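The values are calculated or read from the model by the stated rules, or taken from the named source; none is laboratory data. Computed from a predicted structure; not experimentally measured. Using ideal geometry, Cβ is built from the backbone for each residue, glycine included, and neighbour counts are taken over all protein chains shown.
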Amino acid sequence: MNDVIDESLKICYDVARCLKAEFQNQVMAINDNTIIEFSKKNNRLIHSSKNSMSGCQAFYTHTTPHRIIIKQNVLRGREGWLGANWYALDPKKVNDRKKLFGPLKNWKGPKLVGIIALVELICHEFAHHQTKGHGHGFKVKYARFWDFMVSQILSGKFIIPPQEVEQLKKALEEIKA
Ligand SMILES: [Zn+2]
């Protein structure tokens, strides 16, 4: 079902262009091969030392031209977790994360499913541009991108299904102090 993958990539591009329109120079150049799935056919474009997706959902290539490589399963399943608390400069929920966010070890925030998971993923990966690891600069940028996309969604400028808007509100509620 490559249709799902293609549709997911298209959504990722919509989010990326939305960020680019607002933040311009803070966002990397976007072209047809900027956001791609991890696959053999994209080997030539991936030009990274990574030859497997070992444990990660997606990654940003620090070499130019910068790209975002996304695991096919993620594009198919559209599942992730909200990093807004985990990557906050001042996390509101620091204790007992497992209890808060679920039984899986790698859940560090409320689970997100659907277009909203792709929105979060793109905010995360694009925040790696011109920043180091998941350090201070990344955190500032990620929060800026995510908060902007949340405002676009809640104001109806970036459209996601109504049940996903509810999911988003619930997730935001969950990471409040
Ligand atoms: Zn990251």
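Points worth noting:
- Qualifying residues in the stretch 131-153 (those that are β-branched (Val, Ile, Thr) and surrounded by 19 or more Cβ atoms within 10 Å (Cβ to Cβ)) - the one nearest to the ligand (Cβ to nearest atom): VAL150
- Check on ALA29, among the hydrophobic types (A, V, I, L, M, F, W, C) and not in a helix (DSSP H, G or I): yes
- Residue in the stretch 29-49 that is at pLDDT below 85 and buried (at least 17 other Cβ atoms within 10 Å of the Cβ) present: yes
- Residues in the stretch 113-122 include at least one that is modelled with pLDDT of 95 or more, in a strand (DSSP E or B) and either over 14 Å from the mean Cα position of the chain (by Cα) or closer than 22 Å to PHE148 by Cα (or both).
- Some residue of the stretch 51-70 being in contact with a strand residue (DSSP E or B) (Cβ under 9 Å, 6 or more places away or on another chain), modelled with pLDDT under 90 and within 22 Å of GLU7 (Cβ to Cβ): yes
- The stretch 29-41 residues that are of a type in the set (Phe, Trp, Tyr), paired with ones that are surrounded by 10 or more Cβ atoms within 10 Å (Cβ to Cβ) (beta carbon under 8 Å, 6 or more apart): PHE38/ILE46; PHE38/MET53; PHE38/ILE69; PHE38/ILE70; PHE38/LYS71; PHE38/GLN72
- Cβ separations smaller than 8 Å between residues 6+ apart or across chains give the following pairs from the stretch 154-177 residues that are charged (D, E, K, R) to residues that are surrounded by 15 or more Cβ atoms within 10 Å (Cβ to Cβ) and part of a helix (DSSP H, G or I): GLU164/ILE115; GLU164/ILE116; GLU174/LEU100; GLU174/PHE101.
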